[in-house]
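The values are calculated or read from the model by the stated rules, or taken from the named source; none is laboratory data. Here the structure is a predicted model, which means the values were calculated and not measured. Note that we place each Cβ from the backbone using ideal geometry, even for glycine, and neighbour counts take in every protein chain shown. We work out accessible area using only protein heavy atoms, side chains counted, and drop any ligands, DNA or RNA first. Shrake-Rupley method; radii C 1.70, N 1.55, O 1.52, S 1.80 Å.
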Amino acid sequence: MKRTLKFSFSISLITLLFTGNSDLNAQVYADETSKSLIDAMVEVNGGYQKLASKKDIQFKYVYDNYDAGKDVSLERHIIDGEHSWAQYNTHQRNVLPKQKGVAQQALVDGKPMLTFDGKSITDEKALGGTVFLRKVNFYWFTMMYKLQDPGTNYKYLGTEEANGITYDKVSLTYDADITKKEKNDEYILYFNPETHLVDWFYFSLPDWGINDPILKMTLEYEIIDGLHVSTVRKSFVPNEKGEYHDNGTYTFSEIKFNNGFRKEDFILK
């Protein structure tokens, strides 16, 4: 690679797949090996049905880009319908970063809402960022339970040794006819042969002109109420020599399920 990638993970630019509930008949596997790896992971983590049984989620989310700034939010999500709400007391990166105060976001039935110190914000760009953040924060929390979403395509890429572990590699791409997106990210998932979970992955960002999956994300899991949650994620980007450096740490904590949230509770007034 001939150029240095100088950027932070400004969330307003990332494009990920956001579809509805998982459809177990909507995946395409190029080979039996990739299917067996996904099946083994689902057997361990329980798959989307186990996630959906939790009804709703509350957690603290720290999105830390180090010197580039930090966002800290209290997040609430209803799994059925993916309704979402958050309050930001610290927002240096992705939510009104030049202002100090309390920001609240919500996405209910696809409608975005944003307030700042209790006052409604109607700016189109800010509301677009609200839609994106409400979806992406839910996605990052639930990603490993959404790998069987409609339009997912898998292909086995062989093995690779790292940190003394021989990982199985699987390519994940998306069917644009199903996602209805002009640009879709690509992933290379690294399955741990002992745990059957994804320890790390590479991914692309075509909206940034990064069309190959060269960005790296590592995952650390905790089992919370029977769910495998990637409570710590770390992002890494390559320089012109292909050497990776730590770009950010993103943590979920104080996680609670089955809180009894209703979508009406998320309406901002």
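A compact table of results
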{"item": "Strands (runs of 3 or more DSSP E) contained in region 192-269 and holding at least 1 residues among the small types (G, A, S) and within 30 Å of K111 (Cα to Cα)", "result": "198-205, 227-238, 244-257"}
{"item": "Pairs, first over 23 Å from P112 (Cα atoms) and open to solvent by 70 Å² or more (accessible area, probe 1.4 Å) in region 242-269, second modelled with pLDDT of 95 or more and basic (K, R), C-beta under 7 Å, six or more apart", "result": "Y244/K216; E254/K60; N258/K54; N258/K55"}
{"item": "Single match in A40, A52 (criterion: modelled with pLDDT of 50 or more and within 17 Å of the chain's Cα centre (by Cα))", "result": "A52"}
{"item": "Only listed residue being in contact with a Ser or Thr (Cβ under 8 Å, 6 or more places away or on another chain), at pLDDT 90 or above and either within 29 Å of P238 (Cα to Cα) or buried (at least 16 other Cβ atoms within 10 Å of the Cβ) (or both), chosen from Q27, Q105, Q58, Q92", "result": "Q105"}
{"item": "Which numbered condition F132 misses (of (1) within 19 Å of Y63 (Cα to Cα); (2) open to solvent by less than 20 Å² (accessible area, probe 1.4 Å))", "result": "(2)"}
{"item": "Condition check for Y174: of a type in the set (F, W, Y) and at pLDDT 95 or above", "result": "no"}
{"item": "Those residues of region 131-183 which are part of a loop (DSSP other than H, G, I, E, B), touching a residue at least 60 places away in the same chain (Cβ under 8 Å) and over 14 Å from the mean Cα position of the chain (by Cα), in sequence order", "result": "Q148, P150, G151, D175, K181, K183"}
{"item": "Pair list, Cβ under 7 Å, 6 or more apart: region 45-67 residue more than 13 Å from L227 (Cβ to Cβ), other residue of a type in the set (G, A, S)", "result": "K60/S253; Y61/S73; D64/G248; N65/S8; N65/G248; Y66/G248"}
{"item": "Selection within region 108-119 - without any contact (Cβ under 8 Å) to a residue 40 or more places away in the chain and either open to solvent by less than 40 Å² (accessible area, probe 1.4 Å) or of a type in the set (A, V, I, L, M) (or both)", "result": "P112, F116"}
{"item": "Filtered residues of region 201-241 (kept if open to solvent by 50 Å² or more (accessible area, probe 1.4 Å) and within 30 Å of K55 (Cα to Cα))", "result": "E220, Y221, E222, I223, D225, K234"}
{"item": "Count - residues of region 75-89 that are open to solvent by 60 Å² or more (accessible area, probe 1.4 Å) and closer than 18 Å to Y250 by Cα", "result": "2"}
{"item": "Hits in region 154-175 - residues which are surrounded by fewer than 21 Cβ atoms within 10 Å (Cβ to Cβ) and closer than 30 Å to K55 by Cβ", "result": "D175"}
{"item": "Count of residues meeting criterion [closer than 27 Å to D80 by Cβ and touching a His at 6+ places or on another chain (Cβ under 9 Å)] in region 90-145", "result": "12"}
{"item": "Residues being farther than 18 Å from N184 by Cα and among the β-branched types (V, I, T) - total across region 132-153", "result": "1"}
